[in-house]
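Colleague: Can you keep this structure in mind? I'll have questions shortly.
The values are calculated or read from the model by the stated rules, or taken from the named source; none is laboratory data. No experiment lies behind these values; they were computed from the predicted model shown. Cβ placement follows ideal geometry from the backbone for every residue including glycine, while neighbour counts extend to all protein chains displayed. For accessibility, only protein heavy atoms count, side chains too; no ligands or nucleic acids. Shrake-Rupley method; radii C 1.70, N 1.55, O 1.52, S 1.80 Å.
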Amino acid sequence: MKSTRRSFIAAGGVGGVTLLAGCFGDDGDDDGGNGDGNGDGGNGTDDGVHDERFRVFDPVGTNPANRHFNPWNPSESGAWHPGAAVFDKLAIFSPASNEAYPLIAESWEMTDDTTLEAELSDEWTWHNGDTFVAEDWTMQAEIEMALAEEAAEGDESGHVMESVEAVDDQFVRVNLRNPLSETFAIQNSIGIFHDLIGRGVFTKHDDDQWSEWHEALVSGDDSETAIEEITSTPYPSITDDPIGNGPFQVADVGDNEIILEKYEDHPNADSINHTEFSLQVYSDQDQVFQALNSGQIDAAHSQFPMEDDQMNQLPDTVELFREGRSANNLFTFNCGYEVEGWDTPFENQNVRKAVAHIYDRQQAEQLLQGEKVLFEYPPCRVPHAVLEQEGGQISGIDIGEEFTLYGENDTDRATELLEEEGYTLEDGEWYDPDGDRFEVMFMNGEQDQHIQVLSQNLQDFGIETVQETFDDATFDERRMAGEFDIMPDGSSANGIFAMWALDLVPDWIQSISHFDPEVEIPMPVGDPDGSSGTKTINVEEHINSWMQNEDDEEYHQELMWWWNQHLPEFEVLWQPDAGAIDTANWELDVREEIYNGVDDALYVAPKMEGSGIRYQP
């Protein structure tokens, strides 16, 4: 079993948001900007720049003063919020449109199928005035590759990139480990988006601390100490005047608010007509609703749509963005591969299928109030919105007709599968092949309605269930060690290709579901009985092959079929993963692929030429 620090960081930074108590309505400053309207009421300067503060809900929730800008240290990290505003990246990749757009990198080309070259703009500077150079990015990439290789226990395929080179100050060359199409070469190098390092370039090549760690990792001299330090040191602290390269820089850090001020020398500064950007901490979603409803914040990155009764109360000027994005709620099974010290019944795929058949999605639907929606298609690791838009026709397969549909409370099929594996039913209670009561342990599912529905379904069927809840640190340890049977999982679901990012399924999902990376699938695709036998595939190799030949539908068909039949996770609910902005005084002006296609649209808009978040008096 491989569990990587990089994966843990990615999960904590993007999917594992925790809201801590904040002081609602107290922004920690004296300018009155948290009352009616913004800042001083809209007094503009002669050059059209207004002394206004764009106020945004901060989804991280942790104490602002404890945060830092080290994307490899998951403790109290602000690498995404506010790092994505303070630091820029080379290219913006939209997983919804599966396209990349220039930022620091002005242009790029594949010189062969394993080499990507990019030319950088000479207009970007760090906040101390130093020019941003290629070596700043290559340092970050080399640190990431070194940590990935260490986490992969020396496996040379630990990262998509084999090496990077700063040819000169404005030119980088990326050498890929395996051939890739241009789209996926960019997605996994200069346009990486699914890790915290995808929020920007955090490393300045001549910074003493980054240089010391980088040298130790690249040279191999005392690399173990460097790895330990870089993954545990809060450097640079957000309160230590950190130097970034983005359109905003840290101005003040309060108890419940981080205030950023416009960096006048940013290449897109002329498109930013306000002086400040702030992140405000609130303790729960209800307070976010109250703050937006009362005009105490102007926008939120996520958390929308809310329940119907709340959405109906918001001002007519509140508009949603990121509506091309969605998120899934899933059951994660412990598939048991290379798990030591925990005997789970779900190492058997037929047992996983049986439990998925017992689940009654219609019971879950009765508990929904408009925020979440039933996932109505068979599990196949394709966003529900895409399946709906395409009528279930994906890569030449009619998913709704040809793939196994679970969640129908099909107790007859569940009985067949369990009896096939040696389970027995006695006096209404199920027993495993060893004669012990069939028991399922749910971890950290007490707050998830769909988990409670499944638990009740299993009890009604005669399977005993146990609910256990652990603190965040223990939960992470147990899921990585495989010490559970079923747990809830939430994940972004933004475009067909983004769901299969090269280090997402074979790395992160494998590390929490513990599936065997090499597996047999029944053939042909769509026939669970395997009338043509089986085919052995290596999941990681199959994804790599698809990314090299993205027009070859066979790889995607077989990956979707593996997900449907092997069932490491089971999609049960989905919801739009949108943000909201009050357009009474603010305009989010950015191309559609960004507006509705990227996680950090509010951060990206002020960076791109001709785009911005603009104050409207």
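Colleague: Under the definition of Cα pairs under 8 Å and six or more residues apart, what whole-number percent is the relative contact order of the stretch 372-480?
Modeller: 18
Colleague: Relative contact order of the chain: what whole-number percent is it, with Cα pairs under 8 angstrom and at least 6 residues apart?
Modeller: Relative contact order of the chain: 20 percent.
Colleague: Can you give me the angle between helix 208-219 and the longest principal axis of the chain, using Cα atoms only, in degrees from 0 to 90, rounded to the nearest 10?
Modeller: Long axis of 208-219 versus the principal axis of the chain: about 40 degrees.
Colleague: Follow-up question, since we're still on this one. Straight-line reach from K535: which aspartates and glutamates have a Cα under 19 Å away, not including same-chain ones fewer than 8 places off?
Modeller: E402, D516, E518, E520, D527, D552, E553, E554, E558
Colleague: Once you keep just the Cα pairs under 8 angstrom separated by 6 or more residues, what percentage relative contact order results for the stretch 313-414?
Modeller: Across the stretch 313-414, relative contact order equals 30 percent.
Colleague: Would you mind counting up the charge near E165? Only other residues with Cβ under 12 Å from its Cβ, with Lys and Arg at +1 and Asp and Glu at -1.
Modeller: -4
Colleague: Sticking with this structure for a sec: Got a sec? Charge dipole of the chain, +1 on Cβ for Lys and Arg, -1 for Asp and Glu; which of H214, G428, W546 is way out at the positive end?
Modeller: G428
Colleague: Right, another one. Under a 5 Å amide H to amide H cut-off, with H placed in plane at 1.01 Å, what residues pair with I92 once short-range neighbours are removed?
Modeller: Y101, L103
Colleague: Would you mind getting the accessible area per residue of the chain, heavy atoms of the protein chains only, 1.4 Å probe, in Å²?
Modeller: Averaged over the residues of the chain, the accessible area is 38 Å².
Colleague: On to the next question. Assigning unit charges at the beta carbon (Lys, Arg +1; Asp, Glu -1) and nothing else, what dipole magnitude in debye, to the nearest 20, does the chain show about its Cα centre?
Modeller: It works out to roughly 780 debye.
Colleague: Which one is right for this structure if Cα Rg over 2.2 N^0.38 Å is calculated from it: [x] 0.97; [y] 1.40; [z] 0.92?
Modeller: [x]
Colleague: Can you list residues from other chains, or at least 5 along the same chain, whose modelled amide H is less than 5 Å from the amide H of A327?
Modeller: Under 5 Å from the amide H of A327: A493, Q575, D577.
Colleague: Report D for the stretch 257-296 in µm² per second (integer): Stokes-Einstein, Kirkwood Rh on Cα pairs, 25 °C, 0.890 mPa s.
Modeller: Answer, rounded: 203 µm²/s.
Colleague: While we're on this one: Can you tell me how the stretch 95-207 classifies by the Cα gyration tensor, rounded, prolate or oblate, using a/c under 1.5 as the rounded cut?
Modeller: Cα axes put the stretch 95-207 in the oblate bin.
Colleague: Between helix 539-548 and the chain, what is the angle of the helix's C-alpha long axis to the longest principal axis, kept within 0 to 90° and rounded to the nearest 10?
Modeller: Tilt of helix 539-548: around 50 degrees.
Colleague: Please report, in whole Å³, the volume per residue of the convex hull around the C-alpha atoms of the stretch 299-449.
Modeller: Taking the convex hull of the Cα positions in the stretch 299-449, it is 177 Å³ per residue.
Colleague: Taking only the alpha-carbon positions of the stretch 81-128 and ignoring solvent, what does the Debye formula give for the base-10 log of I(q)/I(0) at q = 0.13 Å⁻¹?
Modeller: Reported log10 I(q)/I(0), two decimals: -0.39.
Colleague: Okay, next question. Rounded to the nearest 5, what is the percent of antiparallel bridges among the DSSP beta bridges in the chain?
Modeller: Close to 85 percent.
Colleague: Related question: Write down, largest first, the equivalent ellipsoid semi-axes of the stretch 422-562 in whole Å, where each equals the square root of 5 times an eigenvalue of the alpha-carbon gyration tensor.
Modeller: For the stretch 422-562, the ellipsoid semi-axes come out as 32, 22, 13 Å.
Colleague: Here's a follow-up. In whole percent, and with a 1.4 Å probe on the protein chains, what portion of the accessible area of the chain is carbon and sulfur?
Modeller: 38
Colleague: Using the alpha carbon gyration tensor of the stretch 531-606, what are the three equivalent-ellipsoid semi-axes (square root of 5 times each eigenvalue), largest first, in whole Å?
Modeller: Equivalent ellipsoid semi-axes, largest first: 39, 17, 9 Å.
Colleague: Would the stretch 149-248 count as rounded, prolate or oblate if I go by the C-alpha gyration tensor, calling it rounded below 1.5 in a/c and otherwise prolate when a/b exceeds b/c, oblate otherwise?
Modeller: Oblate, because a/c is 1.5 or more while a/b does not exceed b/c.
Colleague: To the nearest 20 Debye, how big is the dipole of the stretch 290-342 about its Cα centre, given +1 on the beta carbon of each Lys and Arg and -1 on that of each Asp and Glu?
Modeller: 120
Colleague: Same structure, new question: Let me know the charge dipole size of the stretch 347-392 about its Cα centre in debye, to the nearest 20, where only the beta-carbon of Lys, Arg (+1) and Asp, Glu (-1) is charged.
Modeller: Rounded to the nearest 20 debye, it is 200 debye.
Colleague: Take the Cα gyration tensor of the stretch 344-407, multiply each eigenvalue by 5, square-root it, and list the three semi-axes largest first, rounded to whole angstrom.
Modeller: Here the semi-axes work out to 22, 19, 9 Å.
Colleague: In addition: Could you state, as a whole-number percent, how many of the C-alpha pairs of the stretch 289-351 are farther apart than 13 Å?
Modeller: Here the tail beyond 13 Å accounts for 73 percent of pairs.
Colleague: What does the charge add up to near S97, with Lys and Arg as +1, Asp and Glu as -1, over the other residues with Cβ less than 12 Å from its Cβ?
Modeller: Result for the local shell: -1.
Colleague: For a test of the definition: using alpha carbon positions, the gyration tensor, and the 1.5 limit on a/c, classify the stretch 49-88 as rounded, prolate or oblate.
Modeller: prolate
Colleague: Right, next: Residue-wise, which Karplus ³J(HN,Hα) couplings in Hz belong to the stretch 458-474, taking 6.51 cos²θ - 1.76 cosθ + 1.60, θ = phi - 60°, and x for glycine or proline?
Modeller: 5, 4, 4, 7, x, 9, 6, 10, 10, 10, 10, 10, 10, 5, 4, 5, 5
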